[in-house]
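To start, the structure under review is shown below, and the notes come after it.
No value in this document is a laboratory result; all are computed from the given coordinates. Quick caveat: nothing in here was measured; it's all calculated off a predicted structure. Here the Cβ is made from the backbone with ideal geometry for all residues, glycine too, and neighbour counts use every protein chain on show.
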Amino acid sequence: MRTDNTVETVFRIESARIIASAARIVRDVGLAEEIAQDALVEALEQWPRTGVPENPAAWLTTTARRRAVDLVRRRETYARKLAVLGRDLDEAACDPEPAGPDDIDDDLLRLIFTACHPVLPPDARIALTLRLLGGLTTDEIARAFLAPEATVAQRVVRAKRSLAKAGVPFEVPYGPERAKRLAGVLEVIYLIFNEGYSATVGDDLIRPALCEDALRLARQLAALMPKEAEAHALAALLEIQASRTAARTDPEGRPVLLADQRRSRWDQLLIRRGFAALTAAGALGGAPGPYALQAAIAACHARARTYEETDWRAIAALYERLAALVPSPVVELNRAVAVSMAEGPAAGLAVVDAVAEAPVLRAYHLLPSVRGDLLARLGRTAEARAEFTRAAELTRNARERSLLLRRAEQTGQTEQARQPGQTPRGTV
């Protein structure tokens, strides 16, 4: 691998920790991102001459910290603050904070809570945190949001300016302030996991580092806020979803559809952790929230010993409750798959067609993918082939594109319709 590729790969994986470490010193997430980028540039200049260091992530983090320290030292206003705080800046990024029952020594969580400050509108909070913590490009965030790239870019720039202007502290807040920001934090972690679980662009279906970061943060957030049911529910959802990771691709990295996955490869420890977190959420009482309902759906899949034993009627009912709680064409699209398995492909197709014109689904590749599967099961092979081809054109992920093109080819090669009630093969 070329040195510059190595630098970019390491930075992609470690950028959130580098930014968070710098932000803890300079107390400005926008400035911290610039410092991290400066460290990247320095690596691109030095590593081709000196070679890749033994621990490249530590090298980048240390370089960013030094740049942050130098910047703070050059600012008289920060120098006065440092005199009051009595910090030794050379050790600032490594010194633990005083421990207490509500303390959490995790710069990544500080970064999320800072980016989710109420001074920012919800869309800006999510976009900024995906940019800083997830290491996603503006284009990837736009695809995750199903929004124009220019719109997302503006959100990120304005968000950083707003945080700097408001002087938002780099911290995990306490008491009521923490609870106020919880919904935004939960959504950020959820979206980061989703991008890792099914990558928007690139050559790989899964981005494990994003999944691992999101799962770790969800666990830590549930520990931080033990009386918040939705924090436990999100942890449950991610644990159960992550349990299928090893079975979702073959040795060549190609997607393996849910119906074809070897359930013996599902991680039973993660499933048990997910069930425990779901139980913890339920024990707190109250009506289930959106993450609890999604975790219950994931639990239905995890309980089934085989794909054929899946309780699709229960899943369809849970999706109906989810759609009532958070109406969304994407939720309806997922409900359509469950309905098609519980009541037949014609019933599922009716649900899909009812939301097919929704603007948010216009460039969403899973709409034609699901529709193609239902049409194939109904024996409408020419229409199904066209839908799979359209889905392949819309996706930016190479693995998904190959799968969809293969399905289009297979649909075109056979006139034998799949009978109603047979396994749909469109879910990974």
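Which number comes out as Rg/Rh for region 162-303 once both Rg and the Kirkwood Rh are worked out on C-alpha atoms?
Answer for region 162-303: 1.02.
With springs only between Cα atoms under 10 Å apart, run a GNM on the chain and tell me which of Glu33, Glu320, Glu42 wobbles the most.
Glu42
Quick check: pseudo-label points 7 Å beyond the Cα along Cα→Cβ at Asp70 and Ala314, how many nm apart are they?
Placing both labels 7 Å along Cα→Cβ, they lie 6.0 nm apart.
If you place +1 on the Cβ of every Lys and Arg and -1 on the Cβ of every Asp and Glu, how big does the dipole about the Cα centre of region 146-275 come out, in debye to the nearest 20?
In total the dipole reaches around 380 debye.
Between Val360 and Asp38, what is the FRET efficiency for a Förster distance of 30 Å, r being their Cβ-Cβ separation, to the nearest 0.05?
Values: r = 37 Å, r/R0 = 1.25.
E(calc), rounded to 0.05, equals 0.20.
Suppose we keep just the alpha-carbon trace of the chain; what are its Rg and Dmax in angstrom?
23.2, 78
Please report, in whole Å, how far the alpha carbons of region 107-219 spread along each principal axis, starting with the longest.
Extents along the principal axes, in whole Å: 41, 33, 19.
For a protection proxy built on the mean count of beta-carbon atoms within 10 angstrom, sort 241-253, 186-198 highest first, please.
186-198, 241-253
Please name which of Gln154, Thr50, Gly348 has its Cα lying farthest along the dipole of the chain towards the positive end, using unit charges on Cβ (Lys, Arg +1; Asp, Glu -1) and the Cα centre as origin.
Among Gln154, Thr50, Gly348, the one farthest towards the positive end of the dipole of the chain is Gly348.
Using the Cα centre of region 262-369 as the reference point, and only Cβ charges (+1 on K/R, -1 on D/E), how large is the resulting charge dipole? Debye, rounded to the nearest 20.
Dipole of region 262-369, to the nearest 20 debye: 540 debye.
Hey, can you grab everything whose amide H is under 5 Å from the amide H of Thr249? Only 5+ residues off in sequence or another chain; H modelled, so Pro and N-termini drop out.
Val256
Could you calculate the contour length gain from Gln154 to Ala223, that is, 0.36 nm times the residue separation minus the distance between their Cα atoms, to one decimal place in nm?
Gain on extension, Gln154 to Ala223, equals 21.4 nm.
Principal axis extents for region 283-350, Cα atoms only, whole Å, descending order, please.
The Cα atoms of region 283-350 stretch 38, 30, 14 Å along their principal axes.
Given Cβ point charges of +1 (Lys, Arg) and -1 (Asp, Glu) and nothing else, what value in debye, to the nearest 20, does the dipole of the chain about its Cα centre take?
So the magnitude is around 380 debye.
Could you sort 159-167, 116-124, 363-371 so that the peptide with the highest average Cβ count within 10 Å comes first and the rest follow in order?
Numbers: 159-167: 16.1, 116-124: 18.0, 363-371: 21.3.
Most protected by this proxy first, the peptides run 363-371, 116-124, 159-167.
For the ranges 352-359, 254-261, 340-347, what's the packing order if you count other beta-carbon atoms within 10 Å of each residue, average per peptide, and put the highest first? Let's see the in-between values first.
Working: 352-359: 14.4, 254-261: 16.9, 340-347: 19.9.
Answer by packing, highest mean first, reads 340-347, 254-261, 352-359.
May I have the pair-distance distribution P(r) for region 239-330, computed from all Cα-Cα distances with 10 Å bins from 0 and rounded to whole percent?
For region 239-330, the binned pair fractions read 16, 42, 34, 8, 0 percent.
Using a Cα distance threshold of under 22 Å, what count of lysine pairs results for the chain when pairs must be 8 or more residues apart or interchain?
On the way: Lys81/Lys165; Lys160/Lys180; Lys165/Lys180; Lys180/Lys227.
Number of lysine pairs found: 4.
If contacts are Cα pairs under 8 angstrom and at least 6 residues apart, what is the relative contact order of the chain in percent?
Across the chain, relative contact order equals 11 percent.
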